[in-house]
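The values are calculated or read from the model by the stated rules, or taken from the named source; none is laboratory data. Owing to the predicted nature of the structure, the values given are computational and were not obtained by experimental measurement. Cβ placement follows ideal geometry from the backbone for every residue including glycine, while neighbour counts extend to all protein chains displayed.
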Amino acid sequence: MLLLAGAVPVALVAIGDADVETPAEAVAPTENPTTLAARQVAERINAQLDRQSAALLAGDRAGFLAIADRKVHSDLRRRFAGLRELRVTRWEGRPNGLPTPAGNAGEWRLSVEFRYCFVEPDCRPSPLLVNTLWRDGTEPRLIELEKSTSTPQVGGRVRAQAGTLPWEVSKLAVVVGKRTIVGTTPAYRDRLPGLLKRAEAAAKVADGYVVDGAVPERYRIFYAGPKEWKRWYGGDQPEWGAGYAVNVGGGHHDVVLGPDSFNDSAYLDVMLRHELAHAASLPENDYWDDSAWWLIEGLAEHAGADGASVARYDGLIPTRKFVKGDWTGKLDKLLPAEDASTEEAIGSYGVAYLAFRYLLDRFGEEKVLAFVKVVVHDLRVPRQVSEEIFGKPWSKLQADCAKYIRRAVN
């Protein structure tokens, strides 16, 4: 019961007039019949989802399929196998709102929210919304199960849904380490042992870039072949993209490595450190202004470099060309366009790396990570917080940073 401050719940009674109807005797408003029917259907579907969840966690594939029509079984078998490979430890399905009548009698459309954990039984679950179609009965039957779709970011701190997840559409092979879980398709199964070893090493580096809170419970990494690269998580990546970290909710970011990741083993290590640093440092509800891109990517590039000297930075030559081109010295316009050339994109990343390195060398890790928190997590702009954290106005500090970058690339 919700009470106003200082209020006390009371029962009103009639005094002296037996014909006055008390609130307790008043007839409750009748629920709309359509709403009542939808609520009852939702309750029956919820019971079916509970049965399916229990079957999945028990490793009972027949029970997992039992709530569904045969035409859905192939899809469900793939999902069951993928989730078991990923060591699912928590799985809950709940109606997300009330179902609505579909075109055929007795059929209902319903958005279902699934919440899941991998490996860690007590992890914060990631949510997933999926549209479904059911045929009602004493035990409703699932007759359609859509893939999850990406939802756009909108202004403010809104967590968008990532898009189709690997285990929804692909057969998976998975290995688990102390700090990471690594998956791919069976065609690349032979790459998993080496990738796991590299991922475990990268996780130790990424843990040092946590900005707010504890280190991730476990880093989730997926290697995508050419087909999966275009399909997983919406597949909408720029031509120059080689990997990414995507928010899947519950404080988790999935890391995806592109098809060319294995072309250069040294670069694979750099990419793993870079993307896992994103997973460690990005906010839970990751929305930020594009002007903060340099800080987000500069941190990740610094993790990727893992203490190497500026002279050994892989992107130094494209960065030199970028700096000596039409760069103005400003950091807030560095985000590459989706149609940028690979060389232009590398140059932008290089400037971000050098800017982050300059701040770190001058002010130290504690202050720089505090700066990342207020700019990326708390959505404040550098000019508001620069003097508070660094004791210098942002205009002066950015100018000093630009001078350092121009010297570094010469």
Of the candidates Leu335, Leu379, the one satisfying the condition of being in a loop (DSSP other than H, G, I, E, B) and in contact with a Phe, Trp or Tyr (Cβ under 6 Å, 6 or more places away or on another chain) is Leu335
When Asp326 is run through (1) in a loop (DSSP other than H, G, I, E, B); (2) surrounded by 15 or more Cβ atoms within 10 Å (Cβ to Cβ); (3) out of contact with any Asp or Glu (no Cβ under 8 Å at 6 or more places or on another chain), the failure sits at (2)
Does Trp294 count as touching a residue at least 60 places away in the same chain (Cβ under 8 Å), closer than 22 Å to Glu338 by Cβ, touching a Pro at 6+ places or on another chain (Cβ under 7 Å) and not basic (Lys, Arg)? no
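Could you tell me whether Leu369 is more than 28 Å from Asp236 (Cβ to Cβ), at pLDDT 95 or above and buried (at least 24 other Cβ atoms within 10 Å of the Cβ)?
Working: more than 28 Å from Asp236 (Cβ to Cβ): yes; at pLDDT 95 or above: yes; buried (at least 24 other Cβ atoms within 10 Å of the Cβ): no.
Criteria not met by Leu369.
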Within the stretch 173-199, the residues that are under 20 Å from Ala245 (Cβ atoms), among the hydrophobic types (A, V, I, L, M, F, W, C), in contact (Cβ under 8 Å) with a residue 40 or more places away in the chain and surrounded by fewer than 20 Cβ atoms within 10 Å (Cβ to Cβ) are Val176
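Could you list all residues from the stretch 377-410 that are among the small types (Gly, Ala, Ser) and either surrounded by 14 or more Cβ atoms within 10 Å (Cβ to Cβ) or closer than 14 Å to Phe363 by Cα (or both)?
Here is the first cut: in the stretch 377-410, the residues among the small types (Gly, Ala, Ser) are 386, 391, 395, 399, 402, 408.
Selection gives Ser386, Gly391, Ala402, Ala408.
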If we keep only residues of the stretch 200-214 that are surrounded by 20 or more Cβ atoms within 10 Å (Cβ to Cβ) and either among the polar types (S, T, N, Q) or in contact with a strand residue (DSSP E or B) (Cβ under 9 Å, 6 or more places away or on another chain) (or both), then the residue nearest to Gly258 (Cα to Cα) is Ala202
Over the stretch 386-410, the set of residues aromatic (Phe, Trp, Tyr) and within 18 Å of Ala370 (Cα to Cα) is Phe390, Trp394
Would a scan of the stretch 302-310 turn up a residue that is under 19 Å from the mean Cα position of the chain (by Cα) and closer than 30 Å to Phe118 by Cα? no
Among strands (runs of 3 or more DSSP E) entirely within the stretch 150-249, at least 1 residues that are within 21 Å of Val119 (Cα to Cα) and at pLDDT below 95 occur in 243-249
